[in-house]
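Step one of this worksheet: look at the structure below.
The values are calculated or read from the model by the stated rules, or taken from the named source; none is laboratory data. Remember, it's a predicted structure, so these values are computed and weren't measured experimentally. We place every Cβ from the backbone using ideal geometry, glycine too, and count neighbours over all the protein chains shown.
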Amino acid sequence: MKKQLAVEFGTGTDLRGEDATKAARRAVADALHRNGLTVADALGFPKEAMLVDIRVGVPGAASVDLPAVAAMAPYGVVTVEAVEGGLRAPTATGATIVANAVVSVSFDVERAE
């Protein structure tokens, strides 16, 4: 049974390039670098057994390079979904792209009876 053990949130931007993938990767990095998970070691699971689900809200979600975002996770079985969201903030020379990410870490565990 998949059991969620941690959830973290992050925000990322691309200030000048209007690159949704860059903003999404930065949002995931922000989420991942806010914690130091010890749950795998504490439960006796290999880190590679982590189920890492990433969801990113960003303008132009269809243009996001999902494998590039998945590569931000240092280990685990990673899934990525990009959805329309975030913010496109006009500037004098273009726009700043803002992405929001949620990173969920789960393990397949058996419930003790």
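For (1) modelled with pLDDT of 95 or more; (2) of a type in the set (A, V, I, L, M, F, W, C); (3) within 20 Å of residue 16 (Cβ to Cβ), each residue gets a yes or a no:
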| position | (1), (2), (3) |
| --- | --- |
| 58 | yes, yes, yes |
| 79 | yes, no, no |
| 82 | yes, yes, no |
| 104 | yes, no, no |
| 108 | no, no, no |
Next on the checklist: Please go through segment 6-20 and give me each residue that is in a strand (DSSP E or B) and either surrounded by 17 or more Cβ atoms within 10 Å (Cβ to Cβ) or without any contact (Cβ under 8 Å) to a residue 40 or more places away in the chain (or both), ordered by number.
Outcome noted: 8, 10, 12, 13, 14
Checklist entry - Are there any pairs, at least 6 apart or on different chains, whose C-beta atoms fall under 7 Å, with the first in segment 87-112 and at positive phi and surrounded by 15 or more Cβ atoms within 10 Å (Cβ to Cβ) and the second part of a strand (DSSP E or B) and modelled with pLDDT of 95 or more, and if so, which? => result none
Next on the checklist: Kindly evaluate residue 57 against the criterion of being under 12 Å from the mean Cα position of the chain (by Cα) and of a type outside the set (Val, Ile, Thr).
Outcome noted: yes
Item to check | Inter-residue pairs, beta-carbon under 7 Å, first in contact (Cβ under 8 Å) with a residue 12 or more places away in the chain and in segment 46-58, second basic (Lys, Arg) and in a strand (DSSP E or B), 6+ apart | outcome: 51/2
Item to check | Qualifying positions in segment 72-93 - of a type in the set (Gly, Ala, Ser), assigned to a loop (DSSP other than H, G, I, E, B) and over 10 Å from the mean Cα position of the chain (by Cα) | outcome: 76, 85, 86, 92
Checklist entry - In segment 34-65, which residues are in a helix (DSSP H, G or I) and under 17 Å from residue 97 (Cα atoms)? => result 61, 62, 63
Item to check | Check on residue 23, touching a helix residue (DSSP H, G or I) at 6+ places or on another chain (Cβ under 6 Å) and either touching a residue at least 60 places away in the same chain (Cβ under 8 Å) or surrounded by fewer than 16 Cβ atoms within 10 Å (Cβ to Cβ) (or both) | outcome: no
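Can you pull out every residue in segment 94-113 that is of a type in the set (A, V, I, L, M, F, W, C) and either out of contact with any strand residue (DSSP E or B) (no Cβ under 6 Å at 6 or more places or on another chain) or assigned to a strand (DSSP E or B) (or both)? Even if it seems obvious, please write down each step before you answer.
To start, the set of residues in segment 94-113 that are of a type in the set (A, V, I, L, M, F, W, C) comprises 95, 97-99, 101-103, 105, 107, 109, 112.
Answer for segment 94-113, where residues must be of a type in the set (A, V, I, L, M, F, W, C) and either out of contact with any strand residue (DSSP E or B) (no Cβ under 6 Å at 6 or more places or on another chain) or assigned to a strand (DSSP E or B) (or both): 95, 97, 98, 99, 101, 102, 103, 105, 107, 112.
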